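The values are calculated or read from the model by the stated rules, or taken from the named source; none is laboratory data. Source: prediction; values computed, not measured. No Cβ is skipped: glycine too gets one built from the backbone with ideal geometry, and neighbour counts run over all protein chains shown. Heavy atoms of the whole protein, side chains included, go into the accessibility calculation; ligands, DNA and RNA do not. Shrake-Rupley method; radii C 1.70, N 1.55, O 1.52, S 1.80 Å.
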Amino acid sequence: MSIDTDTAAKVAKLARIRVEEDDLPALAQEFNTILGFIEQLSEVDVEGVEPMTSVSPMRLKRREDVVTEGDQQDKVLSNAPDAREGFFAVPKVVE
């Protein structure tokens with residue numbers, strides 16, 4: 001897959017990044033380099049390799065699961081910028 005300057009301009013627009021016309025060929029080349037690296041990764045044999053979250057083996061620290069008393073609604077809502085009728089109030093996002 002090859003990225004041309006028109007595609008690089010479209011990606012920059014979608015990412016809301018202003019890129020000058022003179023810089024588009026360099027950006028397209030960077031995209032092509034990244035895609036080339038990804039293609040190299042797909043050639044690696046990973047059969048039998050366990051997924052990992054870190055390069056160093058370690059267990060996450062765990063805390064004891066303790067049941068605490070609830071009924072802290074006022075305390076929790078004191079952190080809210082806007083709370084109404086015992087709930088967090090958020091702006092409407094769907095019309």
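A few remarks follow.
- Test: residue in segment 7-16 that is among the polar types (S, T, N, Q) and open to solvent by 90 Å² or more (accessible area, probe 1.4 Å): no
- Residue within segment 2-18 that is modelled with pLDDT under 90 and assigned to a loop (DSSP other than H, G, I, E, B) present: yes
- Any hit, segment 25-38, residues being out of contact with any strand residue (DSSP E or B) (no Cβ under 9 Å at 6 or more places or on another chain), open to solvent by 90 Å² or more (accessible area, probe 1.4 Å), at pLDDT 90 or above and among the acidic types (Asp, Glu): yes
- Filtered residues of segment 39-56 (kept if within 24 Å of the chain's Cα centre (by Cα), part of a loop (DSSP other than H, G, I, E, B) and either of a type outside the set (S, T, N, Q) or surrounded by 10 or more Cβ atoms within 10 Å (Cβ to Cβ) (or both)): GLU50, PRO51, MET52, VAL55
- Hey, VAL93 open to solvent by 100 Å² or more (accessible area, probe 1.4 Å) and either acidic (Asp, Glu) or outside any helix (DSSP H, G or I) (or both) or not: yes
- Matching residues, segment 57-81, being assigned to a loop (DSSP other than H, G, I, E, B), surrounded by 10 or more Cβ atoms within 10 Å (Cβ to Cβ) and not aliphatic (A, V, I, L, M): GLN72
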